[in-house]
Amino acid sequence: MEFHHLPVLLTECMDGLRIVPGGEYLDCTLGGGGHTLEMLRRGGRVTGIDRDADAIAAASARVESFLRETGTDASAFRAVRGNFHDAATLVGETHFDGILADLGVSSFQLDCRERGFSYHEDAPLDMRMDASQPRTAADLVNNASEDELTRIFRDYGEEKWARQIARVIADRRPIATTLQLVAAIDAAIPKKVRAKDGSHPARRVFQALRIAVNDELEPLRAALEMLVGLLKPGGRLCVIAFHSLEDRIVKNTFRTLADPCTCPKNLPVCVCGKKPVVRLITRKPIVAAAEELEKNPRARSATLRIVEKLP
């Protein structure tokens, strides 16, 4: 399959990172390589991390072609397979002038039918970002208890009909394909209460299963704190989230790092000794402009937050 990729909030990310020639940058979610290519065009040196071996191969081919065409030193880029939650181990002793984490599923994964991320096409119910992971979405759907499925759909998908959907799934098991799951969801949600915004009734459940299969949320706070630790003083961390659960974790983690004091508000001076680690660059998230949304509708839910590491 040909790898298509439109990097989200590209200009806003590059401006936020303040790319300088010769600077060291970390792309935590290499994906299609779009953000990495722009960092390289601006003279940066980039380490790219991704869990997906297919993404590593495709993005590396794009980047290496660019490096040859522009005569750029091949050492300006290196790709590392792994989860960015383990970045401190994956990058060794390197510290960075800027770090980008795009938390969304790549266009390649969404468009690759057999990966099972899409509720529009029939495919095996997989949803693994790393195909070497042992547990698929089908394993979860068919083996988790009704109560556990309810919790996943409610907590990770904010699905109001979580209990009803879990009950129908339990009645229809085994469920092996994406469209079998869609049919179960469709049967569980009354037509008269469908979302008025036109969103697909399976969207929240598919989001919840993807998050659960890939363990996307539980380690995120610790991962963000670790990424700040990998920044040089004055370096910036840019994080793109794609749903409210991710964005809430990013926002609260950044706020705590910027103001970690735990003293009672009525104390005249801080006595806990906790000092700010970062400065908030974005008080409110940056979202895609209308021009970008016309070219890339998938950017509609993207939010970008930026912090700068203090000396």
All conditions in (1) modelled with pLDDT under 95; (2) surrounded by fewer than 19 Cβ atoms within 10 Å (Cβ to Cβ) are true of N142 except (1)
When N252 is run through (1) of a type outside the set (D, E); (2) in a helix (DSSP H, G or I); (3) closer than 21 Å to L26 by Cβ, the failure sits at (3)
Would a scan of the stretch 195-210 turn up a residue that is in contact with a Gly (Cβ under 9 Å, 6 or more places away or on another chain), small (G, A, S), closer than 20 Å to L110 by Cα and at pLDDT 95 or above? yes
Evaluate the following for R128: is it surrounded by fewer than 22 Cβ atoms within 10 Å (Cβ to Cβ), in contact (Cβ under 8 Å) with a residue 24 or more places away in the chain and over 19 Å from H200 (Cβ atoms)? yes
So which residues in the stretch 151-167 are crowded, with 19+ Cβ neighbours inside 10 Å and part of a helix (DSSP H, G or I)? I152, F153, Y156, G157, A162, I165, A166
Residue count for the stretch 111-125, restricted to those that are in a loop (DSSP other than H, G, I, E, B) and open to solvent by 50 Å² or more (accessible area, probe 1.4 Å): 3
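Which helices (runs of 4 or more DSSP H) does the stretch 1-110 wholly contain that include 2 or more residues that are without any contact (Cβ under 8 Å) to a residue 40 or more places away in the chain, surrounded by fewer than 20 Cβ atoms within 10 Å (Cβ to Cβ) and out of contact with any helix residue (DSSP H, G or I) (no Cβ under 8 Å at 6 or more places or on another chain)?
10-17, 53-70
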Scan the stretch 265-285 and report the pairs whose first residue is under 23 Å from C238 (Cα atoms) and whose second residue is outside any strand (DSSP E or B) and open to solvent by 50 Å² or more (accessible area, probe 1.4 Å), with Cβ atoms within less than 7 Å and a gap of 6+ or a chain change. P276/D259; P276/L310; V277/L310; V278/L310; R279/L310
Can you pull out the residues in the stretch 168-184 that are within 25 Å of the chain's Cα centre (by Cα) and open to solvent by less than 60 Å² (accessible area, probe 1.4 Å)? T177, T178, L181, V182
Residue match in the stretch 194-217 (condition: open to solvent by less than 70 Å² (accessible area, probe 1.4 Å), without any contact (Cβ under 8 Å) to a residue 40 or more places away in the chain and either in a helix (DSSP H, G or I) or not small (G, A, S) (or both)): yes
Filtered residue count, the stretch 133-154, keeping only those that are among the hydroxyl-bearing types (S, T, Y) and either free of Cβ contacts under 8 Å to residues at least 40 places away in the same chain or at positive phi (or both): 2
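The values are calculated or read from the model by the stated rules, or taken from the named source; none is laboratory data. Nothing here was measured: the structure is a model prediction, and the numbers come from that model. FYI the Cβ positions are ideal-geometry reconstructions off the backbone, even for glycines, and counts take in every protein chain you see. Surface accessibility is based on the protein's heavy atoms, side chains included, excluding ligands, DNA and RNA. Shrake-Rupley method; radii C 1.70, N 1.55, O 1.52, S 1.80 Å.
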